[in-house]
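The numbers here are math on the coordinates, done by the rules we state, and not lab data. Remember, predicted model here, so these are calculated numbers, not experimental data. Note: ideal-geometry Cβ built from the backbone for every residue, glycine included; neighbour counts use all protein chains shown.
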Amino acid sequence: MSEYIIKNGNVFDPVQGIKGDKKDIAIKDGKIADKVSSSAKVIDAKGMTVMAGAVEIHAHIAGPKVNLGRIYRPEDKLFSCTPTKGMERMGSGASIPTTFKTGYEYAKMGYTTAMEAAMPPMFSRHVHEEIRDTPIIDEGAFPVFGNNWFVLEYLKNHEIENTAAYIAWLLRVTKGYAVKVVNPGGTEAWAWGLNCLSVNDPVPYFDITPAEIVKGLIEANEYLGLPHSMHIHPNNLGNPGCYETTLDTLKLAEGMKAKNKFGRESVLHLTHTQFHSYGGTNWGDFESKAKEVTDYVNKNKNITIDTGNVTLDETTTMTADGPFEHHLTGLNHLKWANCDVELETCAGVVPYIYSPNISVCAIQWAIGLEIPLMMKDPMRCYITTDHPNAGPFTRYPRVIKWLMSKKARDTQINAFKHKDKVLSQTSIGSLDKELSLYELAQMTRAGPAKTLGLGHMCGGLKPGMDADVAVYNFNPDTPVADPENIEKAFSRCAHVFKLGVEVVKNGEIVGTVNKRTLWVNAKVNDNPQVKRDINEKFLKYYSMTQNNYEALGHHFVPNPYALEVDATHV
Amino acid sequence: METVTITMKNAPALYLEADTITPDTFAGKTAAQIADLPVFEGNAPSTLGKYFEIAGNTGATAADTKIIVKGDVRKVKYLGMKMSAGEMVIEGSTDLYVGAWMTGGKILAKGNVEGFAATAMKGGELTIEGNAGNYLGAAYRGDWRGMSGGKILVKGNAGSDVGMYMTGGEIVINGNVDVHLMTHAEGGKTIVKGNATSKVGGQMVDGTIFIFGTIETMMPGFKPNGEVELEVDGIKGKFAHFIGDMGERHKKRKGAVIYANLYKKI
Amino acid sequence: MTKTVTDVICPFCGTLCDDLEVVVSDDGKQLLEVYNACVIGTEKFLHSQAKDRVTRPRLRQADGSWKEISYDEAADYTAAMLAKAKKPLMYGWSSTNCEAQSVGNEIAEISKACCDNTAAVCHGTTLIAVQDIGLPTCTLGEVKNRADRVIFWGCNPAHAHPRHMSRYSIFPRGFFTGKGQMSRKMIVVDPRCTDTAKMADVHLQLEQGKDFELLNALRVAFKGEWLPDVVAGIPKEKIREAADMMKSGRFGIIFFGMGVTQSIGKNHNIDEAIAVTKDLNEYTKFSIMPMRGHYNVTGSGEVFAWQFGFPYSVDLTRGFARYNPGDSSSIDLLTRGEIDAMFTIGSDPGAHFPISAVKHIAAVPSVCIDPHLTPTSGVSKLHVPVAFNGVETGGNCYRMDNVPIDCRKVVEPPEGMLTDEQFLVMVRDRLKKLKGAA
């Protein structure tokens, strides 16, 4: 396998505490090496920024609701398709890219690992087919548990061991990565057209509260010692005043400690925090509560968050928070798609235009930036757009520009039709902080890798780690003349290496790898009751047989990478 | 205004995609440069000069450029697509997408046109002396933002799906229309001087339809609302007024509920 | 001795039953019996055992006779045909697996073809409607466990999806529907008095071609607004009763088929049916689901969509994907004389397309991949028989509610026969060489 030496770059690696030193990075046999031979290919990174490949902790890029979005939005592709070119397959989709385009666009921005944020377990075969067809980047997928009938029934009686056994079984048969929770209880309520808007709202029939579901799943997650923490999209997303539900949800983690062998220190990951940081009582007095939410997270170190930045684009919302999507179509009257999934979850899809002329959208934009600027520990705050909900992931370079340049933020604020409202309802105007490259590396590489339990293999440039490396045409030593240069530099890398193979050069795809599907294989003690419950539900309530449920076969997961967990300790 | 004439000399075996034939693309070019413009027959790239004889001069801008298209162009698609200014005269009948996505300028088609003419039109004028196919002035698939401005006149008949998701502009059809007129429309105006068949104004939220002739089957969602004396396109008469679609959501403007209006000449 | 393969997936219709049991000979070469399938599914499995199957490719000769050729020669012919064509059409895909569909997509991209599936004559109009208005839907297990209002509009599952009502929609005793069919009210909307209509609590026998009007009237009735005395041949009182019956349920589902997707108005009928469903969600919980025909047309739509962005009628001729039924759709392409080569797989356009379209298939270079002798293979220049997918080879398929289920191989194909996927890989590799592609 090829050897490379990336010379003279300005290296930012939080895993080793390197803050812009000019260092050489050596690559050998797919890993970062201490040194390489003299026949190593030289990559000149003088005047450039070198970081580990970025890690996407939450995006909707593979699966049935993503594809439903593609199918039902031909207009998302009108006049914006890219042709077949060299080794690149053709691409399409502005807010919902096709799988080929997804892989290429992430790689070109220096992303080398991505997590599909919500997998409906019954559809795991679909998710894996799309992951398989996404080039270059390693991927995993999070099965959803917060509205799952097994989980609701076990946790009503606080049966943690049974819940853990079920989680282990489901992760194995769906080749899933983590415990994802979306609108706990509320999405089961939505199967009857109802919802749970607070953590104490009981779920119809199952008579368990979201608080009980969340606490139980955190306990089960730590019982197993999974690589990632419980990952949650709380109740009441998107409504004015929802920050209270968010704080109620975060408080459920108080006193809980992380237990695992992967270096993860948190027990709860709050996703797309922007959507959960709203104050006010209606759209008129709508305001930011970013400070209240970040104050709490700053103090409680067993919590991590990702931002969910609004990018001010026409995009497509899609989430397992089915009732929210129905609510959204009631507001904007745009086409609404919904799919309730038996025993498990739901998904909803609605297009949305974040117009800079609408004050609510401008305030949302501001909140998304306040959050990372107010977070004290960049290792616990990660940059996302909840793609495509708050904006397409291809806008990450723009978000980075806004975070690194107050001037760029001010330019956008001055362009808002309702600038005064943005300034009065948020504190974006008074935030002077500009993210440094080191902090950026923490928020987009080292931080998410650690919280995902992947800190031993990616997110850093320590010898022995995977050779996932991104080199940006960005010189940290020269002052930024025009913030647009930040966006430009982070849009197209000078070089990207994935598992030691050069995949991007001068912003073009030049290579590919046998991408891996990351999943978690948790071993638990034999649990006859859970086995029997699974058999029974398939026999009586599912519409497919148990023997056909598992995502089995090379055609689904051609290159699996299992993180092994041994939870047979009790 | 300068005029370029292009004459079909070498008919394609399949169909030609000629989205480069617009005043915007021709402006400022010599005949030789125009002959080099790309054109596609299926997946085979070619140049305009292989199919057309090109004569005349172009203006410096689209607004100063007129194109006359002669010969048999019944297998040429996309004439005038996305044009923003200038003029085009098509001497005979032509195929799909005439003036699709146009934002300005004038097109005169002296024969018939096939489907998808004036898709998502934003401005300008399209006159069709013969018949129009289906989807005249309709939105692109999946888009709730259809025709929003401009004027279309069809002297013959039009097909189905005229003005789907229309939000503005005006369509006048001297002849008859087929099913599904202004479905899902949220604005704009259509006048049909001949007859309609059925499914007129289905799912309409706002906008106006005038039918001078007969409607075979009315939509149940259109409620009788009396009669009015109107002058429409220079013609005075008594019209039965209907409001609807009563099955749809209704917008409010200054506290008043808005309906789409359908007027049928008595 | 014999062995029984369980949890077998039936590769015929969109119901995609996965509880079949198939008995095969010990050496896996003979298929002997099928249990649990309906009459159609049983025949799908058993007819694979016919002794007179064509097992090798055949090329039409100048004198009209067929000459047997090898798979290699067939792949050469197919690749050459696609490489030469200026606008080839690759149609069908609905009766094969997603792995084959994916290779087909590669071929279409390399040869810059149009590609399309049987939605073009079936639920393509549903897809257009979904694109215009959305789709509140659910999986079939939700119907089984929750539905107390079941509407069949313009479809006849008793004939076309025989086990649908017993596995999912009317008879099952689900979690919240312990009384089975007694838990449910069934409405059938159909101008015909079909076997399905005979089972209904309410049969709205509407005038043909007036579904859009009746659906509109239901939406008006939901809002309590004025209605004319009769709509689509149904008195307004009956319309209001039906509207009330829908509103009073706690979970409803509308299943629909060709009666509305391919009658006048087409996609608009579905559009208004989806609007009815949307409206009902203001009062209760309602979903809508197309009764997909071929067992993997849904899969073809999914694979087209995640790879190219559109679910059918995809035009790749300019090197990137475009979509507009009426322009990029198969029947229009054929009847207008737009294409110069035809590749058919996993479908039978010769039987289902208008004759003017079939005449064009006969007039151009054409290849038909199909284990059967069909009207399409009859007019094609090259006929390549392959193994039966879901019987003699496995592979992923998507049910009518988009649930993916991996079909199983239960029996060996006849000696030396290839699968779709294997043959397509041969074509792709030859095409890459011809085009000098990466």
Check: Based on the Cα gyration tensor of the stretch A:145-236, what are the three equivalent ellipsoid semi-axes, each the root of five times an eigenvalue, rounded to whole Å and given largest first?
Finding: 21, 13, 12
Next item on the list: Using the Kirkwood radius over Cα pairs, work out the Stokes-Einstein diffusion coefficient for the stretch C:124-290 at 37 °C and 0.692 mPa s, in µm²/s as a whole number.
Entry: 210
Margin query: Please list, ordered by chain and number, the residues whose modelled amide H lies under 5 Å from the amide H of residue C:406; skip anything fewer than 5 residues away on the same chain.
Written below: C:397
Margin query: 5 Å is the cut-off here: which amide hydrogens, built 1.01 Å from N in the peptide plane, fall below it relative to residue A:279, excluding neighbours closer than 5 in sequence?
Written below: A:241, A:287, A:288, A:289
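Report the charge-dipole magnitude of chain C in Debye, nearest 20, computed about the Cα centre from +1 at each Lys and Arg Cβ and -1 at each Asp and Glu Cβ. Each step should come with its number before you reach the end.
Details: 49 positive and 52 negative charges, 77 e Å.
Roughly 360 debye for chain C.
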Margin query: Given the C-alpha atoms of the stretch C:92-196, compute the convex hull and give its volume per residue in Å³.
Written below: 142
Next item on the list: Give the Rg (one decimal place) followed by the Dmax (whole number) of the protein assembly as shown, computed from C-alpha coordinates and expressed in Å.
Entry: 30.6, 93
Note to self: Cut-off 20 Å, label point 7 angstrom out along Cα-to-Cβ of residue A:156: give me the residues of the stretch A:340-359 whose amide nitrogen falls inside.
What the structure shows: A:341-346
Note to self: Straight-line reach from residue C:435: which lysines fall under 19 Å, measuring Cα to Cα and dropping same-chain residues less than 8 apart?
What the structure shows: A:85, C:84, C:86, C:87, C:112
Notebook entry, point to check: Which values of log₁₀ I(q)/I(0), to two decimal places, follow from the Debye formula for the stretch C:2-48 at q = 0.24 Å⁻¹ with a uniform point scatterer at every Cα?
Noted result: -0.80
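Given Cβ point charges of +1 (Lys, Arg) and -1 (Asp, Glu) and nothing else, what value in debye, to the nearest 20, does the dipole of the stretch C:2-48 about its Cα centre take?
Dipole of the stretch C:2-48, to the nearest 20 debye: 140 debye.
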Notebook entry, point to check: Can you work out the FRET efficiency for the pair residue A:525 and residue C:198, with r the C-beta to C-beta distance and R0 = 41 Å, to the nearest 0.05?
Noted result: 0.15
Next item on the list: Return the sequence-ordered ³J(HN,Hα) values of the stretch A:100-111 in whole Hz as given by the Karplus equation 6.51 cos²θ - 1.76 cosθ + 1.60 applied to θ = phi - 60°, using x for Gly and Pro.
Entry: 4, 4, 4, x, 5, 5, 4, 4, 5, 8, x, 8
Notebook entry, point to check: What length, rounded to one decimal in nm, is gained on full extension from residue C:250 through to residue C:62, with 0.36 nm per residue of separation minus their alpha-carbon distance?
Noted result: 61.2 nm
Item checked: Of the trypsin sites (Lys or Arg not before Pro) in the stretch C:68-125, those whose Cβ has at most 15 other Cβ within 10 Å and which sit in DSSP loop -> none
Note to self: Can you compute 3J(HN,Hα) from phi for each residue in the stretch C:129-134, using the Karplus curve 6.51 cos²θ - 1.76 cosθ + 1.60 with θ = phi - 60°, rounded to whole Hz and x for Gly and Pro?
What the structure shows: 4, 4, 5, 8, 9, x
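Of all the Cα-Cα pairs you can form in the stretch A:272-317, what percent are over 14 Å apart?
Tail of the P(r) past 14 Å holds 59 percent of the pairs.
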Notebook entry, point to check: Under the Karplus relation 6.51 cos²θ - 1.76 cosθ + 1.60, θ = phi - 60°, what is the ordered set of whole-Hz ³J(HN,Hα) values for the stretch A:534-541, x standing for Gly and Pro?
Noted result: 5, 4, 5, 5, 5, 5, 9, 10
Next item on the list: Provide the three semi-axes, in whole Å and in decreasing order, of the ellipsoid equivalent to the stretch A:415-543 as defined by the square roots of 5 times the Cα gyration tensor eigenvalues.
Entry: 41, 27, 16
Checklist line | Histogram of C-alpha separations across the stretch A:52-451, 10 Å bin width, % | finding: 5, 25, 36, 26, 7, 0
Next item on the list: Could you check the simple spin-label distance between residue A:333 and residue C:26, using points 7 Å along Cα→Cβ, in nm with one decimal?
Entry: 7.2
Notebook entry, point to check: FRET efficiency for residue A:377 and residue C:47, Cβ-Cβ distance as r, R0 = 60 Å, nearest 0.05?
Noted result: 0.35
Check: Along the charge dipole of the stretch B:2-265, Cβ charges K/R +1 and D/E -1, which of B:14, B:80, B:260 sits furthest on the positive end?
Finding: B:260
Notebook entry, point to check: What's log10 of I(q)/I(0) for the stretch C:197-283 at q = 0.18 Å⁻¹, Debye sum over Cα points only, no solvent?
Noted result: -0.79
Note to self: So, R0 is 51 Å and r is the distance between the beta-carbons of residue A:546 and residue C:351; what FRET efficiency does that work out to, to 0.05?
What the structure shows: 0.85
Checklist line | Solution diffusion estimate, µm²/s, Stokes-Einstein, the stretch C:205-360, Kirkwood Rh from C-alpha pairs, 37 °C, viscosity 0.692 mPa s | finding: 180
Item checked: Computed [θ] at 222 nm, deg cm²/dmol, the protein assembly as shown (DSSP H ≥ 4; -39,500 (n - 2.57); rounded to nearest 500) -> -7500 deg cm²/dmol
Item checked: Hydrodynamic radius by Kirkwood, which averages 1/r over all alpha carbon pairs of chain B, in angstrom -> 19.0
Margin query: Antiparallel versus total DSSP beta bridges in the stretch B:2-265: what percent is that, nearest 5?
Written below: 40
Note to self: Need the list of lysines near residue C:185 for cross-linking: C-alpha distance under 17 angstrom, and skip anything on the same chain fewer than eight residues off.
What the structure shows: C:144, C:198, C:238, C:247, C:285
Notebook entry, point to check: Kirkwood-based Rg over Rh for the stretch C:357-427 (C-alpha set), two decimals?
Noted result: 1.05
Next item on the list: Quick one: plug the Kirkwood hydrodynamic radius of the stretch A:1-101 (C-alpha pairs) into Stokes-Einstein at 25 °C, 0.890 mPa s, and report D in µm²/s.
Entry: 145
Item checked: Interchain or long-range residues, amide H under 5 Å from residue B:211's placed H -> B:192, B:263, B:264, B:265
Margin query: What does the structure give for C:221-227 when I average, per residue, the other chain Cβ atoms found within 10 Å of the residue Cβ?
Written below: 4
Item checked: Cα-only radius of gyration and Dmax that characterise the stretch A:54-129, units Å -> 12.8, 37
Next item on the list: Give the Cα extents of the stretch A:246-345 along the principal axes, in whole Å, largest first.
Entry: 46, 39, 24
Next item on the list: Only Lys, Arg, Asp and Glu count, each charged at its Cβ (+1, +1, -1, -1), so figure out the dipole size of chain A about its Cα centre, rounded to 20 debye.
Entry: 1360
Next item on the list: Rounded to whole Å and ordered largest first, report the semi-axes of the equivalent ellipsoid of chain C derived from its Cα gyration tensor (root of 5λ).
Entry: 40, 26, 18
Check: Which entries in the list A:65/A:101; A:450/A:498; A:22/A:401; B:223/B:252; A:301/A:505; B:70/B:122 go over 29 Å, if you measure between the two C-alpha atoms of each?
Finding: A:301/A:505
Next item on the list: May I ask for the angle, rounded to the nearest 10°, between helix C:98-111 and the longest principal axis of chain C, with both axes built from Cα atoms and the value confined to 0 to 90°?
Entry: 60
